[in-house]
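Below is a structure I'd like to ask you about.
The values are calculated or read from the model by the stated rules, or taken from the named source; none is laboratory data. Owing to the predicted nature of the structure, the values given are computational and were not obtained by experimental measurement. We place every Cβ from the backbone using ideal geometry, glycine too, and count neighbours over all the protein chains shown.
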């Protein structure tokens, strides 16, 4: 069977220092070059991001006047000519040369497959806080409240592609997964109409809409890694929580499908998470257990980061009217 064409969507803004490593990882793939399309959607960089990106073959530069990646993806999907659509970032990198070949063959062998996801890792030159991020694969709140992946994997179909074990399963929209970026691959035709909507739609929302539409047969490939050089210092993470909570959640709440939050047991888990994070003895005990189990000291960031995230969200909610409205929505319904 003929290998599919694959489109990468890479949003950028002043990514001169990171975009080259990202694009080099794509260029090193053992996959037909004519089958790779790279759409770098730039939000008006004032450094050499565009110049660096333009030096790589197969890169098409597009302008994003609204700057945010959530709007840039709408520009990219209109231009995308690939059968598969990869959500990527300038701080991502493919960790193996057979990454694309493995993904493509998995889609070819499973015609009902909608989405694939793999595990993020840190590299040796990443900051210590980024190694902790790679352990939990998200933020402390998401790590605490959403453990549905482990449940799905117990009943998954197992196949092997290029010596990588792949787990295939169907996702119940009432037991969501927080998937949306950093190497997530969609079958393009399934998401084009979703992404081209005029309203603001965040990455997790797209996945949720697909699941509710019953395009919910997905694959997880735990050892086909994507580098995510996400954090240089803890303060960067705190700023991202603030930005995302205010601009992506509170201000854009009306247009978003956030049913991945409003599931039956979310309120209960949120209450437990607040207690767990506010009284660090609980998170410290869990961190110590994981550190011993995994022989990994990066787990000891967990109590501090959990407390900081809880404190950051609480400060925003208590200081804003839309924060209070959001909490009332969680307690009393959407």
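For the stretch 123-138, which positions are touching a strand residue (DSSP E or B) at 6+ places or on another chain (Cβ under 7 Å) and buried (at least 18 other Cβ atoms within 10 Å of the Cβ)?
The answer is 134, and nothing else.
Does at least one position in the stretch 235-248 carry a residue that is under 15 Å from the mean Cα position of the chain (by Cα), at pLDDT 90 or above and farther than 24 Å from residue 304 by Cα?
Within the stretch 235-248, not a single residue is under 15 Å from the mean Cα position of the chain (by Cα), at pLDDT 90 or above and farther than 24 Å from residue 304 by Cα.
Here's something else I'd like to know. What is the number of the single condition among (1) modelled with pLDDT of 95 or more; (2) on the phi < 0 side of the Ramachandran plot that residue 295 does not meet?
Status for residue 295: all satisfied but (2).
Residue-by-condition table, conditions (1) within 30 Å of residue 109 (Cβ to Cβ); (2) touching a residue at least 12 places away in the same chain (Cβ under 8 Å); (3) surrounded by 18 or more Cβ atoms within 10 Å (Cβ to Cβ); (4) outside the structural domain of residue 189 (by TED's automatic domain parsing):
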| residue | (1), (2), (3), (4) |
| --- | --- |
| 215 | yes, yes, yes, no |
| 219 | yes, yes, yes, no |
| 223 | yes, yes, no, no |
| 226 | yes, yes, yes, no |
| 229 | no, yes, yes, no |
| 240 | no, no, no, yes |
| 244 | no, no, no, yes |
| 263 | no, yes, no, yes |
| 270 | no, yes, no, yes |
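On to the next question. Does residue 107 fit the bill of being in contact with a helix residue (DSSP H, G or I) (Cβ under 6 Å, 6 or more places away or on another chain) and under 29 Å from residue 213 (Cα atoms)?
When the stated conditions are applied, residue 107 does not pass them.
Within the stretch 135-183, how many residues are outside any loop (DSSP other than H, G, I, E, B) and either touching a helix residue (DSSP H, G or I) at 6+ places or on another chain (Cβ under 8 Å) or within 17 Å of residue 211 (Cβ to Cβ) (or both)?
So the answer is 21.
Looking only at the stretch 28-48, which residues are exposed (fewer than 15 other Cβ atoms within 10 Å of the Cβ) and farther than 23 Å from residue 70 by Cα?
28, 30, 32, 33, 34
Can you confirm whether residue 198 is surrounded by fewer than 21 Cβ atoms within 10 Å (Cβ to Cβ), assigned to a helix (DSSP H, G or I) and free of Cβ contacts under 8 Å to residues at least 24 places away in the same chain?
No: the conditions fail for residue 198.
Looking at residue 79 and the list (1) free of Cβ contacts under 8 Å to residues at least 40 places away in the same chain; (2) over 28 Å from residue 126 (Cα atoms), which single condition is not satisfied?
(1)
Right, next: Would you mind stating whether residue 100 is at pLDDT 95 or above and either in a helix (DSSP H, G or I) or closer than 30 Å to residue 305 by Cβ (or both)?
yes
Residue-by-condition table, conditions (1) in contact with a helix residue (DSSP H, G or I) (Cβ under 8 Å, 6 or more places away or on another chain); (2) outside the structural domain of residue 87 (by TED's automatic domain parsing); (3) in a loop (DSSP other than H, G, I, E, B); (4) touching a residue at least 24 places away in the same chain (Cβ under 8 Å):
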| residue | (1), (2), (3), (4) |
| --- | --- |
| 31 | yes, no, yes, yes |
| 41 | yes, no, no, yes |
| 47 | no, no, yes, yes |
| 52 | yes, no, no, yes |
| 62 | yes, no, no, no |
